[in-house]
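Here's the structure we're looking at; comments come further down.
Since every read-out is calculated from the coordinates, none of them should be taken as a lab result. If you're wondering where the values come from, they're calculated on a predicted model, not measured in any experiment. Note that each Cβ is placed from the backbone with ideal geometry, even for glycine, and that neighbours are counted across all protein chains shown.
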Amino acid sequence: MQEILAYLKNHGERLDSEIAAATGLSLANVRRGMTDLSAKGDVMMCRSIRFKDGKQIEGMSCRVSGYIPPAAPGRKAKAHKT
């Protein structure tokens with residue numbers, strides 16, 4: 001479960017199938033781990049349907065709850081005075 005949590009912190013919101021492919025865990029193990037993490041309140045999950053090349057992909061979209069990624073480096077836009 002810790003590798004799932006670490007992966008989500010590094011890569012942000014992902015589908016369960018993407019997490020399984022990246023971590024090398026089976027999809028069943030990822031879903032079981034995500035359910036446990038969700039019960040603890042560490043992860044937010046929701047059912048997601050995406051279309052890729054006209055093909056429907058169903059899965060669980062997962063992200064770390066309460067985690068705000070750091071701001072991107074570089075210049076920030078300033079408000080214009082009117």
Charge dipole magnitude, Cβ of K and R +1, D and E -1 - segment 2-64, Cα centre, debye nearest 20: 120 debye
Built amide H within the under 5 Å cut-off of ARG14, gap 5+: CYS62
Equivalent-ellipsoid semi-axes of the chain, from the Cα gyration tensor, Å, largest first: 29, 18, 12
Principal-axis tilt of helix 27-40 within the chain, Cα atoms, nearest 10 degrees: 60 degrees
Helix-only mean residue ellipticity at 222 nm for the chain, each DSSP H run of n ≥ 4 adding -39500 (n - 2.57), per residue, nearest 500: -11500 deg cm²/dmol
Fewest-first sequence of CYS62, CYS46 by Cβ atoms within 10 Å of each Cβ: CYS46, CYS62
